[in-house]
Structures are given as C-alpha cells and as structure tokens.
Amino acid sequence: MNYNKKTVKDMDVAGKKVLLRCDFNVPMAKDGSGTITDDKRIRAALPTIQYLLEQNAAVIACSHLGKPKGEVKPELSLKPVAARLSELLGRKVIMAADVVGPDAQAKAAALQPGQVLLLENTRFEKGETKNDPELAKQLAALADVYVSDAFGAVHRAHASTAGVADYLPAVSGFLIQKELDVIGGALANPKRPLVAILGGSKVSSKIGVINNLLEIADTIIIGGGMAYTFSAAQGGKVGDSLLEEDWKDYANEMVQKAAAKGVKLLLPVDTVIANAFAADAESKVVKTGEIPDGWQGLDIGPETVKLYCDAVKDAGTVIWNGPMGVFEFPAFAKGTEAVAEALSQTGAITIIGGGDSAAAVQQLGYAEKMTHISTGGGASLEFMEGKELPGVACLLDA
C-alpha cells in the first residue's frame, strides 16, 4: 500500500467548501448530561481546521460518535462537540440538525469561507457503516474537496471515511499525515534496532502483527495475557491464566519463525500471579510455566521487567502496542509502568500504538516523552499488520 498521499497543502482550497472527516468519537459522562470527559480528539483536529480557515476555506466537519446503529439517538448527538469546538476555535461552529437532510443541505449551501459547520453524527444514517454509495454521494454533494483526518476510523470502509472519495478529490489532513509518516516510516525504513513490544490479552488479535513484524523487527517482546498462550504452547503450567487453547500451534510457529529469521523473540521468564482477578487479590511471583491451579498470571515479573527494559535501552525505534498486565489494578500495573518509564528514558524513536498502551502512557504521565502516540488503536494495529487501510487507500497519491 502506498502511504505517500497528497495532503491539504497540495490542494488549493481558497474559497472552496471542504468536507472534513474528523474523529470526534469522544468519551461522554455516563449521566446523559452531554459532558465531554476528554476532549483530546477534538484538540487533535484543530491544526487541520485552523489551516483550512487560514486558507479561506469553508469547513464542513463530520464524525461518528458511539454506535447508534443507524438510528437517531439524542444522547449521541454531536451538539456538545460543536459547543466545545466553538470554545477551542474561538468562533461559532454552526450545528446541522441532520447529516445529509434538508437542514445540513441548506446550512452547507449558505456556508461562507472562514465558517465552520458540523454535521450530525454520521452513524445516525443507516448507510454510513455499509459504505452506501447513495449516502457518500449526498455527503460529497455538500462540498468541493474531501479531507480525511480521522485516523481512528480509516481502517473502516464507511461512507464518510472512504465512499466520499469516489466523488470528490480526496487528501489527508495533518493528523493522518503524521500517522502515515511516523508509523509508515518506522515500518518501511526504521532506525535500527527496531524493537516491537506487544501486549494485551489475546494472541489471536495480534497474530497478524507478529507475523508482519517478524519480517522487519530485530526484537519482538511479548507481554500481557497473550504470553500465557506462548507459555502453555511450550508445555508450561498456566493455572487459571488467560489461555487461547486453539492458538497454541500458532504461538509455537511464531517462536520457530523468529529463530529461523534471526529475530530475538523475548517471552516472560517470571510472572506475578494472583488467587483471583481482583485489585486486592493475594499475589506472588513465580517462574514462567509454573503457575499452580487456582492462580492466574496478571503481570510480568521483576526479572522479566529487567530483561524487557534492557532490550529497549539501545533501540533505534520502539513500537509498543498493548499493556504488560492488568494495569487497571495498581498492584498489577508495575510491568506496564516499568516499560513506559524505560521508553521515556531511551533515545529511540518511540511509537505508542493507541488504545490501552496510549491510555497507560498518558495516565502515568510519560506522554510528553514519547515521539508519537497514535490516535487510533484498531487502525494502528491494522497498519502494523500491513493491511490496507480503506480510508487511506482512497486518498490521492502524492
């Protein structure tokens, strides 16, 4: 897949209407008050919006929020996003009452350069997730140019992320451009040694990534719940730990593949186990493969922490996706914390692949020390897997 795409800077947008796909899928307070609990994604869209306004474009922003499944759900309206975006931009953001209905059409038609319009939640339309060409055509009819800046949604072929590019010239915004440059660069031409740290609970969800990284990485580090499938595959006792029985053969295959390719594959040598899946469970450290029945592994052990932190010390590039343990429980967050700290101290290019690892790095206060924190968990995973991202493939090549 070609990651060298045209950006907003390659397009003359002066006096034009720009349909801008953002990722405003922000967390909301559970009480139905419409309070945004974290506006990071709205802030991330500001550089592209401000650039377009400086170029004298009229901006028609659109995004999904939650999973309304094609129904209009007032609690998933983008109205609170429009209010917050107005505050951040210091200018009024006009809110449309629908996505491509009469209100959106009238407001888009009347929109002047320097103004911002926000369409209602794209997933209120049944055709959005089906990538319905009719909906894509109606969205495209509102504007002259399409700019994609929602990296968190580019792995989905939806009407607003991919379909519209069939009807409008399509380029990337600054957010997507940065993701393509940084992650694409690390995969295509990494500063070596390239160390990949993969955690999280399931081998099944990371097998494609491991497979792809075996072709390019110098070292692959495995942590989190998926490590127990590797341990069981090698004949270890894993007690009540997370185990994907059906994926044991794959785990062994990966170990053999790494050996054949001369890639260092590091697995835990010890593990912190607990007698229950609970924050206050009794815990102790045992060697990998020696977990008694009734106990389960919830974090990497102190010897493993040392081994993993040493492995990133002299790295040129480190890609990290997935926590090392159940970091929601402070007692079992030590592995994840140690890895985050080690990454904050290395001179390497450090890339955090969204999702839980991004949350952990932010929570622990190391975000400023990382080179790049991806804005898309699922998208960055599929990117690292070498899969084609439909929302990127549809953009014009540079």
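Could you pull out every one of the strands (runs of 3 or more DSSP E) wholly within region 160-244 that has 1 or more residues that are closer than 17 Å to Trp320 by Cα? Working first, answer last.
Numbers: elements: 170-172, 194-198, 219-222.
Per the criteria, 194-198, 219-222.
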*The lone exception for Ser33 - which of (1) free of Cβ contacts under 8 Å to residues at least 24 places away in the same chain; (2) over 25 Å from the mean Cα position of the chain (by Cα); (3) under 28 Å from Glu382 (Cβ atoms) it fails*: (3)
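Pick out the one residue from Ala259, Ala251 that is among the hydrophobic types (A, V, I, L, M, F, W, C), over 19 Å from the mean Cα position of the chain (by Cα) and either assigned to a loop (DSSP other than H, G, I, E, B) or farther than 24 Å from Val326 by Cα (or both).
Values: Ala251 fails: either assigned to a loop (DSSP other than H, G, I, E, B) or farther than 24 Å from Val326 by Cα (or both).
The unique qualifying residue is Ala259.
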*Taking Leu180, is it crowded, with 20+ Cβ neighbours inside 10 Å, in contact with a strand residue (DSSP E or B) (Cβ under 8 Å, 6 or more places away or on another chain) and without any contact (Cβ under 8 Å) to a residue 60 or more places away in the chain?*
no
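What about Ala186, is it closer than 22 Å to Lys6 by Cα, surrounded by 22 or more Cβ atoms within 10 Å (Cβ to Cβ), touching a residue at least 12 places away in the same chain (Cβ under 8 Å) and more than 19 Å from the chain's Cα centre (by Cα)?
Details: closer than 22 Å to Lys6 by Cα: yes; surrounded by 22 or more Cβ atoms within 10 Å (Cβ to Cβ): yes; touching a residue at least 12 places away in the same chain (Cβ under 8 Å): yes; more than 19 Å from the chain's Cα centre (by Cα): no.
Against the criterion (closer than 22 Å to Lys6 by Cα, surrounded by 22 or more Cβ atoms within 10 Å (Cβ to Cβ), touching a residue at least 12 places away in the same chain (Cβ under 8 Å) and more than 19 Å from the chain's Cα centre (by Cα)), Ala186 does not qualify.
Taking region 350-398 only, how many residues are in a helix (DSSP H, G or I) and either within 12 Å of Ala153 (Cα to Cα) or in contact with a Gly (Cβ under 8 Å, 6 or more places away or on another chain) (or both)? Step through it out loud before you land on a result.
Taking region 350-398 and keeping what is in a helix (DSSP H, G or I), we get 355-363, 367-369, 377-384, 390-393.
Subsequent filtering for residues that are either within 12 Å of Ala153 (Cα to Cα) or in contact with a Gly (Cβ under 8 Å, 6 or more places away or on another chain) (or both) retains 355-358, 377-384, 390-392.
Within region 350-398, residues that are in a helix (DSSP H, G or I) and either within 12 Å of Ala153 (Cα to Cα) or in contact with a Gly (Cβ under 8 Å, 6 or more places away or on another chain) (or both) number 15.
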*Which members of region 312-333 meet the condition of being in a helix (DSSP H, G or I) and within 23 Å of Ala232 (Cβ to Cβ)?*
Phe332
*Of these, Gly376, Gly386, Gly355, which one is within 23 Å of Phe24 (Cα to Cα) and surrounded by fewer than 24 Cβ atoms within 10 Å (Cβ to Cβ)?*
Gly355
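Values in this text are rule-based calculations from the coordinates and carry no lab data. These numbers come from a predicted model, not from an experiment. Using ideal geometry, Cβ is built from the backbone for each residue, glycine included, and neighbour counts are taken over all protein chains shown.
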